[in-house]
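For reference, the structure discussed in these notes is given below.
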Amino acid sequence: MSTQDTPRIAIAYFTGSGHTRRVAEAIAEGAGAAALIDIEAMTPADWQDLDEAEAIVFGAPTYMGSSAARYDVFLEEASSRWPDQLWADRIAAGFTVATYPSGDKLSTLVRLAVYAAQMGMIWVGQAEIGAPVDPDKPGINSVGSWLGLSATSSRDKTELVGADDLQTARRFGARIAAATLRWRE
């Protein structure tokens, strides 16, 4: 992908212990490039990156069945863009990380998708079909999450997130980039 073909993607994430940041990095790798924005250290330049992005990827850990409270504060702050529809017609996607394979991650993805819809954004979900349906892709989208990316934190804290989930994240990043370029047309 050439620089001209690289869409402007911003990944706004919150990470409690590094897991969500690791997934954000993998999505950025798959997308070819992206501005990684840690919402706990927002600067005016970060808000500008979000406002100028063609696609915004929302990333939050799932804590106790929903998105982390700190991420919800960020979403409320960002909603100041709603009255003027500053993010309308931008591509949006979301991801989450939790301890268990299910971990009630769907509720976080629903939260992010509804937020994006209220902001007038165009949602891109997960499309990777892994095993057992496609035996040539063991470990890819192993939990069968379609609304967005669901990753599971690794018990190995040197790894944070398993290789299969990171590969799925890279594929998700490539899908977001492709959708953004297609939407640009």
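Only the coordinates and a few stated rules stand behind these numbers; no lab work does. Given the structure is predicted, the values throughout are model-derived calculations rather than measurements. Using ideal geometry, Cβ is built from the backbone for each residue, glycine included, and neighbour counts are taken over all protein chains shown.
One table, with the values for the structure above:
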read-out: Flag if ARG182 is within 24 Å of GLU54 (Cβ to Cβ), touching a helix residue (DSSP H, G or I) at 6+ places or on another chain (Cβ under 7 Å) and among the basic types (Lys, Arg); value: no
read-out: Selection from segment 128-151 of residues that are touching a helix residue (DSSP H, G or I) at 6+ places or on another chain (Cβ under 6 Å) and either more than 24 Å from GLY65 (Cβ to Cβ) or outside any loop (DSSP other than H, G, I, E, B) (or both); value: GLU128, GLY139, ILE140, LEU149, SER150, ALA151
read-out: Selected residue (only one of SER80, SER142 is surrounded by 13 or more Cβ atoms within 10 Å (Cβ to Cβ) and among the hydroxyl-bearing types (Ser, Thr, Tyr)); value: SER142
read-out: Filtered residue count, segment 3-46, keeping only those that are within 18 Å of ARG171 (Cα to Cα) and part of a loop (DSSP other than H, G, I, E, B); value: 6
read-out: Of all residues making up segment 160-185, the number that are free of Cβ contacts under 8 Å to residues at least 24 places away in the same chain and over 25 Å from PRO135 (Cβ atoms); value: 2
read-out: Residue count, segment 107-124 (criterion: assigned to a strand (DSSP E or B) and either over 12 Å from the mean Cα position of the chain (by Cα) or crowded, with 19+ Cβ neighbours inside 10 Å (or both)); value: 1
read-out: Residue in segment 82-104 that is part of a helix (DSSP H, G or I), among the basic types (Lys, Arg) and touching a residue at least 12 places away in the same chain (Cβ under 8 Å) present; value: no
